[in-house]
Amino acid sequence: DEGFGLPVVEALASGCPVITLRNSALTEAGGDAPWYLDKPDADSLARAMLTMATDPEERSRRVAEGFAHVSRFSRARYAAEVKEELIAMAAQDR
């Protein structure tokens, strides 16, 4: 199980269509962009890979969704949210 799914986010940010399992935090990391497999079987993976390789519209749609999804993640936003949380926790201690 992946802790957050950073490889999925990195792939999406690079414009790579993602095929991954529907488990742990991978759905949060990928949003609606990846092609999710319910189980790790060869037939499902082969079907997904064939579609990504031969269907330019489907591939383009997933790449665009990936870029849109990963735009929510940024170091600046993360730092601001952590700062807000630390300030709120410090205020509770007073």
Query - Residue-normalised accessible area of the range 1-86, given per residue in Å² at a 1.4 Å probe - result: 66 Å²
Report task. Only Lys, Arg, Asp and Glu count, each charged at its Cβ (+1, +1, -1, -1), so figure out the dipole size of the chain about its Cα centre, rounded to 20 debye. Result -> 260 debye
Query - Estimated dipole of the range 50-94 in Debye, rounded to 20 [Cβ of Lys and Arg +1, of Asp and Glu -1, Cα centre] - result: 160 debye
Query raised in the report: Stretch Q92-T54 to full length: gain in nm at 0.36 nm per residue minus the Cα-Cα span?
Result: 8.1 nm
Report summary line: Projected onto the charge dipole of the chain (unit charges on the beta-carbon of Lys, Arg, Asp and Glu, signs +1, +1, -1, -1), the Cα from I19, A80, G66 with the largest positive-side position is that of A80
Report task. Give me the distance between the Cα centres of the range 1-66 and the range 75-94, rounded to whole Å. Result -> 33 Å
**Report entry** At least 15 Å along the helix axis (C-alpha) and Kyte average at least 0.5, DSSP helices within the chain
**Finding:** 42-54
**Report entry** Listed candidates (1) 7.1; (2) 6.2; (3) 7.5 - label of the one calculated as mean projected area of the Cα convex hull in nm²
**Finding:** (1)
Report summary line: For the chain, the percent of accessible surface on carbon and sulfur atoms (probe 1.4 angstrom, ligands and nucleic acids excluded) is 55 percent
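The values are calculated or read from the model by the stated rules, or taken from the named source; none is laboratory data. Given the structure is predicted, the values throughout are model-derived calculations rather than measurements. Here the Cβ is made from the backbone with ideal geometry for all residues, glycine too, and neighbour counts use every protein chain on show. Areas reflect the complete protein model, heavy atoms only, side chains present, ligands, DNA and RNA absent. Shrake-Rupley method; radii C 1.70, N 1.55, O 1.52, S 1.80 Å.
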